[in-house]
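Reading through the structure tokens given below for one structure.
The values are calculated or read from the model by the stated rules, or taken from the named source; none is laboratory data. Being a predicted model, the structure only gives us computed values, none of them experimental. Ideal geometry is used to build each Cβ from the backbone, glycine not excepted, and the neighbour counts take in all protein chains shown.
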Amino acid sequence: MSLTYAMWTLMQRGRDVLYPDQCLVCGESTDRPNAICGVCWGSLSVCDGLCCGKCGVPLPGEEQEDDVLCGECLVHNRPWIAGASATIYDGPSRRLVLSLKHHDRLEVADFAADLLASARKRLPEESAVLVPIPLHWRRLLVRNFNQAELLAARMAQRVETDLFCSDVLARRRYHPPMKDVSRAERISRLENVFEVVRSDVIEGRLVILVDDVMTTGATLADATRACYASGARGVCVLALARAAKDA
């Protein structure tokens, strides 16, 4: 990750000299770096107002204090105590996630960190350890960085906390991309995938698991169970984007 980040920094400095600040989504000019233009911001599906208390998807109605759940979270048991998402995974949000994951646009993480910091306010305000969902080492070798780790680290800077640990969890089993896999198959493949390797960091603590996209919630559910098994007092989840329907 450090080598990729150093190379990106050099490329970013060169880009700043040659090109004006550009929208992270469409490439149009912006008035500041690492931002999106007004048009793309207007079409970004931000999760605000009344939202599901377990996955963060927006719900019809007025904002209220009582916890409410969406249809999916009423049907499918979520082992975590609370969850939030910054955006809905469509349009600009999808382009941001994919450009970060597959095109090494690491500057997206700065903009995304602001969105995550805002969504973090929906979760318990007490001190919590930020724990990114890890990649399997085979995928990490190909990508050179873990997007969830990058997002969690940048958000930790925004909320001014040092309660961030990137090596709490390890992914024990590799699986190929599950883009066209059914919900049932996805859940089956993601059972007992994660293990806690730093139980000393989370024992007796509240944990916030950070990931880029929440689809069925199977990944976060398995990681949540691993944290509870290692003594976490409570687990919340936080995603940059929520797929409104299971993919």
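Observations, loosely collected:
- Once region 227-247 is narrowed to residues that are buried (at least 22 other Cβ atoms within 10 Å of the Cβ) and more than 19 Å from D48 (Cα to Cα), the residue that is nearest to the chain's Cα centre (by Cα) is V235.
- Tally, over region 180-216, of residues that are outside any strand (DSSP E or B), modelled with pLDDT of 90 or more, hydrophobic (A, V, I, L, M, F, W, C) and buried (at least 16 other Cβ atoms within 10 Å of the Cβ): 3
- Test: T161 is within 23 Å of R205 (Cα to Cα) and out of contact with any Phe, Trp or Tyr (no Cβ under 9 Å at 6 or more places or on another chain): yes
- Residue within region 153-176 that is in contact with a Pro (Cβ under 8 Å, 6 or more places away or on another chain), outside any helix (DSSP H, G or I), of a type in the set (A, V, I, L, M, F, W, C) and modelled with pLDDT of 95 or more present: yes
- Taking every residue in region 113-137 that is farther than 12 Å from I208 by Cα and pairing it with any residue that is aromatic (F, W, Y), at least 6 positions away or on another chain, the pairs with Cβ-Cβ distances below 7 Å are H136/Y174.
- When the residues of region 94-141 are filtered to those that are part of a loop (DSSP other than H, G, I, E, B) and either at positive phi or touching a Pro at 6+ places or on another chain (Cβ under 9 Å) (or both), the one that is surrounded by the fewest Cβ atoms within 10 Å (Cβ to Cβ) is D104.
- Residue, nearest to the chain's Cα centre (by Cα), within region 40-63, restricted to residues that are aliphatic (A, V, I, L, M), farther than 20 Å from N77 by Cα and in a loop (DSSP other than H, G, I, E, B): L44
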